[in-house]
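Derivation of every value follows stated rules applied to the coordinates shown; laboratory data play no part. What you see is a predicted model, and the numbers here were worked out from it, not measured in a lab. Here the Cβ positions follow ideal geometry from the backbone for every residue, glycine too, while neighbour counts run over all protein chains shown.
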Amino acid sequence: MDILVTGGTGQVGIELLRQSWPDGVRLHAPGRDELDLADPTSVARVAAARPWAAIISSGAYTAVDKAESDVAAAWAANALAPAILAKAAAEAGAPILHLSTDYVFAGDKPEPYVEDDPVGPISVYGASKEGGEQAVRTANPRHAILRTAWVVSPHRSNFLRTMLRLAGDRDELRVVADQQGCPTFAADLAAASRTIVLRQIAEPDAPSGTFHFVGEGDATWAGFAEAIMAASAARGGPSARIVPITTAEYPTPARRPANSRLSTEKLRAAYGIVPPPWRDSLEVAIAALG
């Protein structure tokens, strides 16, 4: 049973490959030299390489600010590639699990977003990811679109590693405090993805549609940074004082949603997946970093 994983060298891809999979299940995670998500020919070739039992579309163009000027590449990787993958899975009679993002929302809702809330991306990245969602929905009825937010891990470049790196050099870090979200750890997201895709393979009538998965509990970026510093300091690692600032004081090419909180009730009801508290997962990640 062969499962194609895109983005195998990314945070979630690394954790997917570390998951315990049933005997007979083989994950294939082509490198960039074999699978370039910005190249439709490359995507089509890999998608048609064999009759996949499932496709996990975890790769994406994630350089949010760069996407504002690199529009074509962002749309190719985030919308066209998922369209090709979803179509290939459908032709093989297989499901596709596609990872998406809180950036499909405008971020102006005061409560956590639910799956049926109107989308309204405010950046090229968000718009391209919303395009990918639409492509997957229309190309393959057996799909699970899993929106997530604020993904971090001990691997690759992310907010957790950046905060710890900067704390090693500075006594004080200025961090935005007027954006809210739910920190999500890649290992938890990978575990949820495993549960979903294995059920999709085993049960042709497994729940399809759009779902949310984020860590339990919310925070501001500054609050998340303070928790990172406390967890690091408790293990003798680097720590710095966090100074809360506003989004206006830290301008970026791409606008960020002010509210990135996502409700996970639909996923709990459909698949029985209960996200762990992000503070617990933070302790695990800090320990993994040594």
Net charge around residue 244, counting only other residues with Cβ within less than 15 Å of its Cβ (Lys, Arg = +1; Asp, Glu = -1)? -2
Alpha-carbon gyration tensor eigenvalues x 5, square-rooted, for the chain, Å: 31, 21, 18
Would you compute, for the Cα atoms of the stretch 1-154, the largest minus smallest coordinate along each principal axis and list the three values in descending order, in whole Å? 46, 34, 30
Counting helices only, and only those DSSP H runs with n ≥ 4, report the 222 nm mean residue ellipticity of the chain as the sum of -39,500 (n - 2.57) divided by its residues, in deg cm²/dmol to the nearest 500. -11000 deg cm²/dmol
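Between residue 170 and residue 202, what FRET efficiency comes out of the Förster formula 1/(1 + (r/R0)^6) with R0 = 51 Å and r the beta carbon distance, rounded to 0.05?
0.55
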Residue span residue 48 to residue 250: 0.36 nm per residue of separation minus Cα-Cα distance leaves a gain in nm of 68.3 nm
Give the distance, in whole Å, between the Cα centre of the stretch 201-242 and the Cα centre of the stretch 38-90. 26
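Could you give the length gained on full extension between residue 138 and residue 18, defined as 0.36 nm per residue of separation minus the Cα-Cα distance, in nm?
The residue 138-residue 18 span can extend by a further 40.1 nm.
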Final fewest-first order of 2, 108, 218 on the 10 Å Cβ neighbour count is 108, 2, 218
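Using Stokes-Einstein with the Kirkwood hydrodynamic radius over Cα pairs, what translational diffusion coefficient do you get for the stretch 90-225 at 4 °C and a viscosity of 1.567 mPa s, in µm²/s rounded to a whole number?
Working: Rh = 16.5 Å.
For the chosen part, D equals 78 µm²/s.
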Relative contact order, percent, of the stretch 130-236 when contacts are C-alpha pairs under 8 Å separated by at least 6 residues? 38
DSSP loop (so not H, G, I, E, B), at most 12 other Cβ within 10 Å: list which trypsin sites (Lys or Arg not before Pro) in the stretch 104-170 pass both filters. 170
Fully extended, how many nm does the chain gain between residue 156 and residue 289 (0.36 nm per residue separation, minus their Cα-Cα distance)? 46.7 nm
Sequence order, the stretch 95-110: Karplus ³J(HN,Hα) from phi using 6.51 cos²θ - 1.76 cosθ + 1.60, θ = phi - 60°, Hz rounded, Gly and Pro as x, gives x, 10, 10, 10, 8, 10, 8, 5, 5, 6, 9, 6, x, 9, 7, x
Cα pairs beyond 12 Å in the stretch 31-79, in percent, come to 65
What nm distance separates the two modelled labels at residue 41 and residue 91, each placed 7 Å from Cα along Cα→Cβ? 1.7
